[in-house]
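The values are calculated or read from the model by the stated rules, or taken from the named source; none is laboratory data. Because the structure is a prediction, the values reported are computed rather than measured. Here the Cβ is made from the backbone with ideal geometry for all residues, glycine too, and neighbour counts use every protein chain on show. Accessible surface areas use protein heavy atoms only, side chains included; no ligands, DNA or RNA. Shrake-Rupley method; radii C 1.70, N 1.55, O 1.52, S 1.80 Å.
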Amino acid sequence: MGVCPAHKDKKHPNLNIYLTRNGKVAWHCFACGYAGTLFQKDKEKELQELEQKEKDEKLTEHEKNRLEKLRSWKQEKERQEKAQADFKILQKKPL
């Protein structure tokens, strides 16, 4: 257990850090729902670096293809997060 960096409660440990079945380090905050894996953070960092190179117009063809794939991954991740948020809202509504 650890303190979640995503919200303001710095006194109560509520961030669970664990290994997934395939050996990746993952986390989940029971208070705010913040979750992810180190694999996701690596992809996000790589995406930021490639976008910066794109601004500087220094991308190779391989990097352009990788950037396209990472943007696609990010859009899918955001779609899934929105679907999860919508599902949580539906669960809270009384029938």
Residue pairs within 6 Å by beta carbon, gap of at least six or interchain, first lying in the stretch 19-37 and within 19 Å of LYS74 (Cα to Cα), second open to solvent by less than 60 Å² (accessible area, probe 1.4 Å) and outside any strand (DSSP E or B), listed first then second, are ALA26/THR20; TYR34/CYS4; TYR34/ALA6
Going through (1) surrounded by 11 or more Cβ atoms within 10 Å (Cβ to Cβ); (2) modelled with pLDDT under 75; (3) acidic (Asp, Glu) one by one, ASP42 fails only at (1)
Can you find a residue in the stretch 57-76 that is at pLDDT below 80 and among the aromatic types (Phe, Trp, Tyr)?
no
Test set (1) farther than 26 Å from GLN84 by Cα; (2) open to solvent by less than 80 Å² (accessible area, probe 1.4 Å) - LEU15 fails condition number
(1)
